[in-house]
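All remarks here apply to the structure that follows.
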Amino acid sequence: ENEMTNYPPLYRDSFVTDSGVKDTISALILADLGSLDEAGAQQARQLAEQAYQLFSGQANTQVWFSTFGSEVGPAQLMTSESKDSLLAKIQTGDRSSDLYRSVFQHVRDMKKTGGKKVLILLSGGVNSYLSNSEYYQTRLPYDTSDVFRLVSSLDYSFSLFPVAIGSKKDEGFLKQLAVHSPAPSDAYSDAALPKGLESFVGKSEVL
């Protein structure tokens, strides 16, 4: 046990005792409302529903949900009772997307929690924040280097699965998110949930 403190975070975070307790899993479904047409909104709702069904019912697992456009919404617990009302928030109409800020803040907040963490990002990949918003009156905007630096600092307990949605996509940022993440299971996908998500769920068993 003394030697374990000298191991890299990968091994230290994966250390399992003989208590038989499974790792907790926190899954956040993050939906980008920026520039979604009706077809894109419907696609995002379907993918969010699929992600919820994949994680719901798993032992020691909580599913969270959030949206962002010109503003970054809070993470709300998604249950069978709240699911429909939360999915209904994925609507057209918001013509801006504070993508970098949303990803940065949610990853930072999730990083502080214990157990395994997974972020499913449903986005067109375009960052189009409102420079005249109240938030940016006293703050500089986030850029890709801010996001990639934070993502690169994560350990294997945190996984990222970016999914491109909508008719107007910029896949570059979404693909790079998965590249910068240290976890080997992380993957980008276009208009479908990455297959690695099922593997992530399967890794919750005691080793």
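Tabulated values for the structure
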{"item": "Inter-part distance where region 181-198 and region 108-136 are each reduced to a Cα centre, Å", "result": "17"}
{"item": "Total lysine pairs whose alpha carbons fall under 13 Å of each other in the chain (8 or more apart, or interchain)", "result": "4"}
{"item": "Trypsin sites (Lys or Arg not before Pro) within region 150-199, DSSP loop, no more than 14 other Cβ atoms inside 10 Å", "result": "Lys168, Lys195"}
{"item": "Which label in (i) 53, 37, 27; (ii) 58, 38, 35; (iii) 51, 38, 36 gives the computed Cα extents along the principal axes in Å", "result": "(i)"}
{"item": "Accessible surface, per residue, of the chain when the full set of protein chains is kept, probe 1.4 Å, Å²", "result": "50"}
{"item": "Within the accessible area of region 116-207 (1.4 Å probe), percent carbon and sulfur", "result": "50"}
{"item": "Built amide H within the under 5 Å cut-off of Trp64, gap 5+", "result": "Ala27, Leu28, Ile29, Met78"}
{"item": "Full-stretch length increase - Ser70, Arg149 - with 0.36 nm per residue and alpha-carbon distance subtracted", "result": "26.1 nm"}
{"item": "Cα centre as origin, Lys/Arg/Asp/Glu Cβ charges: the chain dipole, Debye", "result": "140"}
{"item": "Model label zone, Ser167; criterion: amide N under 12 Å from point 7 Å along Cα-to-beta-carbon; scope region 75-115", "result": "none"}
{"item": "Net length gained if the chain between Gln53 and Thr79 were fully extended (0.36 nm per residue, minus Cα distance)", "result": "8.3 nm"}
{"item": "Considering only the chain, percent of DSSP beta bridges that pair antiparallel, nearest 5", "result": "15"}
{"item": "For region 69-162: relative contact order, % (alpha-carbon pairs under 8 angstrom, 6 or more apart)", "result": "37"}
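The values are calculated or read from the model by the stated rules, or taken from the named source; none is laboratory data. From a predicted model like this one, the values you see are computed outputs, not experimental measurements. Using ideal geometry, Cβ is built from the backbone for each residue, glycine included, and neighbour counts are taken over all protein chains shown. With ligands, DNA and RNA removed, areas are computed over all heavy atoms of the protein, side chains included. Shrake-Rupley method; radii C 1.70, N 1.55, O 1.52, S 1.80 Å.
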